[in-house]
Amino acid sequence: MEMAMSDVRRESKRARHAGTRSCVGCLERVPREAIARELVHLVLVPPVSDDASTTVVVDTLGRSTGVGRGAWIHARRDCLEKAVKKGLARSAKGRVSADEVAIAAQIVTQAERRVEGLLQSARRAGALAFGGTPVTEAVSAGNAAMVLVATDAASAAKLAAVRTAQREGLAVGWGDKSRLGAIAGRSEVGVTAILDPGIADALRHALGLIETFSGGFSRPGR
Ligand SMILES: [Zn+2]
């Protein structure tokens, strides 16, 4: 039996949208392969009683326990603001108690944790070079996928290898010397090179979230 035209259209629409997710801020649809890169997952936790509101928990690490339904937003502040104004309530089909400052802070906290975790696993995999000389060697051999410079490491920032990495768009400022040192198991480290391109990409994503969602929101009327 032939399918009616409307069924064909419905089928092709379903196929086209399979696995996609929509941002609840701008309502744009994101293809499956871009979800991890472009979207942040939020969990809508149902109200505990009839007079309470749905609350929102950020789930950038994908550790949602399955409580509540999910919503997605682009990793952009304007999409977060639109989601808080309207999209989350539409998605939850009811009142949502959500604050963009609190959600942004959760995203930053989780992304910071992710950066630490990625650096720890890079260290365990032998994919980090710590300190001026090893970083210089990695950069000149073309093995550095990313160079992290502690924000208080003035002398490391002057290294020729760091300048080269900067020109190539590989240098990023993060943390301070004691924080980088803690990952290396030393007291202080000024600069480290990430030798694994996959880990460097994941780091770039987490650092991008931190950059996007740190700092104040403009809140007219407050
Ligand atoms: Zn959006």
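The values are calculated or read from the model by the stated rules, or taken from the named source; none is laboratory data. Fair warning: this is a prediction, and the values are worked out from it, not measured in the lab. Cβ atoms come from the backbone with ideal geometry, glycine included; neighbour counts cover every protein chain shown.
Details
- Of all residues in segment 23-37, those that are more than 16 Å from Gly70 (Cβ to Cβ) have Cβ atoms under 8 Å from Cβ atoms of residues that are part of a helix (DSSP H, G or I) and away from the ligand (no atom under 12 Å from the Cβ), 6 or more apart or on another chain, in Arg37/His205.
- Selected residue (criterion: modelled with the highest pLDDT) from residues of segment 21-44 that are more than 16 Å from Val58 (Cα to Cα) and of a type in the set (Asp, Glu): Glu28
- Note on segment 118-150: residues that are free of Cβ contacts under 8 Å to residues at least 60 places away in the same chain, surrounded by 14 or more Cβ atoms within 10 Å (Cβ to Cβ) and out of contact with any helix residue (DSSP H, G or I) (no Cβ under 6 Å at 6 or more places or on another chain) total 6.
- Taking every residue in segment 49-76 that is of a type in the set (A, V, I, L, M) and pairing it with any residue that is part of a loop (DSSP other than H, G, I, E, B) and at pLDDT 90 or above, at least 6 positions away or on another chain, the pairs with Cβ-Cβ distances below 7 Å are Ala71/Val24; Ile73/Val24; Ile73/Gly25.
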